[in-house]
Amino acid sequence: MAEDDVDRSEASGERLLGLLLDRARLLPPQLVPPLIAQEVARIGGRDVSILLQDYAQEMLVPLPGRNLLVGESEPVDGSAAGLCFLRADVVEVPEAPEANGVRMYLPLLDGSDQVGVMALTLDTVGDGDRRLLRTFAGLVADILVTKNAYTDQFFQARRREPMSVSAEIQWSLLPPLTMSLPQIDVAGILEPAYRVAGDSFDYALNDNILHAAVIDAMGHNLDAATMATVAIGAYRHARRVLISLAEKYAFMDEAISRQFGPDHFVTAQLMHLNIATGELQLVNAGHPAPLLIRDGLVVRRLESATTLPIGFGGEAPRIRRHTLQPGDRVLCYTDGIIEEHLAGQEPFGEDRLIQCVNRLGREPSHGTRADLRRLSLTLKRERGGRTSDDATLFMIEWRGGGVEPSVAPEDS
């Protein structure tokens, strides 16, 4: 392509992105899907579908909307859309000869969190189209996330079965399910997705310190969800006033004790990870110990002096320090993973969990998010499909301190 043609193509792409952004800003949520289809048509695209991940992370469900192609839900495993979703990369599938075109699947990424997949068809696909549509898909993801705060439409599309009130509360509490940076990957998953009650997790990266917590509130249903809400709220408040790990525990302990009395408690794993050095600090409040995974295999439990569960007025916790190696993963889980009873009435147990981790660790990795999802589905199958208690997985991968990313200076 001649240089003048490239310049014109890039200018046309910039206009397309600018039009989408300007027009979407004031549109009500229900008019965003038609706008996306309209803007894709400007570059010769057709048959646009927006596929959102369902809450169980098993299917990609179509978002309804005028001018969108609304077909059947597509499985995350075993479909072109699912491959795009799992690998966060573009997938192209040639149409049948009589259809004359290429079906493109583009990941909808809000930062590093996966929103879903955008599918469309072009007659031919060039490198300029790929660059433009990657950027276009990123902008679509940002718009969908922004509009999601104003509507229930996207929540409704993602639900494949009724959701309990407790699960509604828990999903509203969660941070993004994934975060990916050059130094670190974070991913979490809740089960049962539509009935979860007392399990939750939270994290935030403040400067070089990743603050993370995994909690399990006692009880079931709405009582457990209410206690988890207070626990996560107290944790976030403590984190944002910049107090130490031990002080976070004390603050949460007081909040639960005052609100619910001495007979209620929350188990928790509280962590600080320095993403520059790999130093990990742990406070274990009556929770199962995390597993350290190296080269795909569990090498040991990350033991720490166990402190009383939150709400029991325990003494100041003793903090245990571990040093991670680049590529190490830390897997946290709640007791619903290992206490589920199998058909023979024996508990699933930590040994079976470790066996599953090691078996999957011998297979090729597709990234922290995809690997954790695969582990969750494997564990569910191993339990015979039963999840009678909340069963949460939360994984951190430390890639190494490396060079801190910087923003290149603008040309003068």
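The values are calculated or read from the model by the stated rules, or taken from the named source; none is laboratory data. Computed from a predicted model, the values in this text were never measured in an experiment. In this analysis, Cβ positions are derived from the backbone assuming ideal geometry, glycine residues included, and neighbour counts consider all displayed protein chains. Ligands, DNA and RNA are stripped out before the accessible areas are found, and what is left, the full protein with its side chains, is counted by its heavy atoms. Shrake-Rupley method; radii C 1.70, N 1.55, O 1.52, S 1.80 Å.
Calculated from the structure, Rg and Dmax of the Cα atoms in Å equals which of [x] 23.0, 75; [y] 21.5, 66; [z] 21.2, 75?
[x]
Count charges around VAL32 for me, please; just the other residues with Cβ under 15 Å from its Cβ, Lys/Arg as +1, Asp/Glu as -1. Kindly include the intermediate steps, with their values, before the conclusion.
Numbers: positive: ARG23, ARG25, ARG66, LYS147; negative: ASP22, GLU39, ASP110, ASP142, ASP152.
Net charge in that neighbourhood comes out at -1.
As an exercise, use a Förster radius of 30 Å and the Cβ-Cβ distance of GLU168 and GLU382 to find the FRET efficiency, rounded to the nearest 0.05.
FRET efficiency, GLU168 to GLU382: 0.60.
Just the accessible area for TRP398, please: 1.4 Å probe, Å², rounded to the nearest 10?
10
Test of understanding: in a Gaussian network model of the chain with alpha carbons linked when under 10 Å, which of ASP390, ASP263, ASP129 would top the mean-square fluctuation ranking?
Comparing ASP390, ASP263, ASP129 in the GNM, the peak value goes to ASP263.
Per-residue ellipticity at 222 nm for the chain, helices alone: DSSP H runs ≥ 4 residues times -39500 (n - 2.57), over residue total, nearest 500 deg cm²/dmol? All intermediate terms of the calculation are to be shown ahead of the outcome.
Working: 11 runs with 146 residues, N = 412.
My calculation for the chain gives -11500 deg cm²/dmol from helical runs alone.
Express the accessible area of the chain per residue in Å², computed with a 1.4 Å probe while the remaining protein chains stay in the model.
Counting only protein heavy atoms, the per-residue value for the chain is 46 Å².
What is the extension gain from ILE243 to ASP223, computed as 0.36 nm multiplied by their sequence separation minus the C-alpha to C-alpha distance, in nm to one decimal?
Roughly 4.4 nm would be gained on extension.
At a 1.4 Å probe radius, which order do VAL330, VAL70 fall into by accessible area, largest first?
VAL70, VAL330
Got a number for the accessible area of HIS341? Probe 1.4 Å, square angstrom, nearest 10.
90
If you plug each phi of segment 272-283 into the Karplus form 6.51 cos²θ - 1.76 cosθ + 1.60 with θ = phi - 60°, what whole-Hz ³J(HN,Hα) values come out, in order, with x for Gly and Pro?
Karplus values, whole Hz, x for Gly and Pro: 10, 10, 7, 6, 7, 10, x, 6, 10, 10, 10, 10.
Quickly work out the LEU19-to-ARG131 label distance, labels modelled 7 Å from Cα along the C-beta direction, and quote it in nm with one decimal.
My value for the distance between the label points is 2.0 nm.
Compute the angle between helix 3-24 and the longest alpha-carbon principal axis of the chain, please, reported from 0 to 90 degrees and rounded to the nearest 10.
60
Using the Karplus curve 6.51 cos²θ - 1.76 cosθ + 1.60 with θ = phi - 60°, work out ³J(HN,Hα) for each residue of segment 191-207 in order, rounded to whole Hz, and write x for Gly and Pro.
These are the phi-based 3J(HN,Hα) values: 9, x, 4, 9, 9, 4, 10, x, 7, 6, 8, 8, 7, 7, 9, 10, 6 Hz.
Sort LYS380, LYS147 by heavy-atom solvent-accessible area, probe 1.4 angstrom, most to least. Intermediate results must be reported in sequence, preceding the final value.
Working: LYS380 55, LYS147 15 Å².
Correct descending sequence by accessible area is LYS380, LYS147.
For segment 288-407, what mean projected area does the convex hull of the alpha carbons give, in nm²?
Projected area, direction-averaged: 10.2 nm².
Along the charge dipole of segment 241-328, Cβ charges K/R +1 and D/E -1, which of THR267, LEU292, GLY311 sits furthest on the positive end?
Projecting each Cα onto the dipole axis, the largest value belongs to LEU292.
Order ASP223, ASP199, most accessible first, counting only protein heavy atoms with a 1.4 angstrom probe.
The most accessible residue leads, giving ASP223, ASP199.
As an exercise, use a Förster radius of 56 Å and the Cβ-Cβ distance of ALA96 and GLN355 to find the FRET efficiency, rounded to the nearest 0.05.
0.80
Highest GNM mean-square fluctuation, the chain, Cα pairs closer than 10 Å: which of VAL266, VAL165, VAL48?
Of VAL266, VAL165, VAL48, the most mobile in the Gaussian network model is VAL165.
How far is helix 32-42 tilted, in degrees, relative to the longest principal axis of the Cα atoms in the chain, given as a value from 0 to 90 rounded to the nearest 10?
Around 40 degrees separate the two axes.
When 1/r is averaged over all different Cα pairs and the result inverted, which Kirkwood radius in Å belongs to segment 1-139?
Answer for segment 1-139: a Kirkwood hydrodynamic radius of 15.5 Å.
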